[in-house]
1. What ranking, highest mean first, results for peptides 89-95, 73-79 when packing means the other Cβ atoms within 10 Å averaged over each residue?
2. Nothing charged except the Cβ atoms of Lys and Arg (+1) and of Asp and Glu (-1): what's the magnitude of the dipole of region 48-92 about its Cα centre? Round to the nearest 20 debye.
3. Rank Arg81, Arg177 by accessible area, highest first, at a 1.4 Å probe radius?
4. Can you tell me the alpha carbon radius of gyration of region 24-81 divided by the globular rule-of-thumb value 2.2 N^0.38 Å?
Amino acid sequence: HLWGMGGMARAVEPDLSGAVESAVAGDDLAFERIVEAHHEDMRRVCVVMCHDDDVADEAVQSAWAIAWRKLDTLQDPARLRPWLVSVAINEARQLLRKQGRRTRLEAEVDPARAGDGVDPAAGTDALDLRRALAHLEPDERALLAMRYIAGFDATELSAAIGLSPSGTRTRLERLLRRLREELE
């Protein structure tokens, strides 16, 4: 799979409003339920954004510490997932800036498959897409990951990035157009 993360997120987000209230009151088990429900989405978005598993993991761990401290500032428990992902994105952005990391693109070659009749051109479309994604800014990759990896709808995207749903759709459409042009 191109993203290396297993595809779209679950179709139905669990109702964790009670868990949010309990976690705000200091219930560790309730916070663990929140972590269990949202950790992978946060990590997937950060991996696509950073192109680095270690940086993504560090960003998500930092995000969880912040979420624990600031969960009481969440005004609408229905917006938990976009809020958590945006905290993780902010942490990833800071780590990328602090570490001055550049995106690196590596083509994986399986030596066990060399000479087994597999067309060497197989997978070039995925490699082309990876290269095109590498030319995008981390925030642009994060937006694409939230939409196509975590399965955010326009409302969740707008909550995560701070634009109106229509502004978010417009930004996403422009980004996809640029990506298509790059691929052509």
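The values are calculated or read from the model by the stated rules, or taken from the named source; none is laboratory data. Because the structure is a prediction, the values reported are computed rather than measured. Cβ atoms come from the backbone with ideal geometry, glycine included; neighbour counts cover every protein chain shown. Accessible surface areas use protein heavy atoms only, side chains included; no ligands, DNA or RNA. Shrake-Rupley method; radii C 1.70, N 1.55, O 1.52, S 1.80 Å.
1. Ranking, from highest mean packing down: 89-95, 73-79.
2. Values: 4 positive and 8 negative charges, 75 e Å.
That gives region 48-92 a dipole magnitude of about 360 debye.
3. The ranking, largest first, comes out as Arg177, Arg81.
4. 1.17
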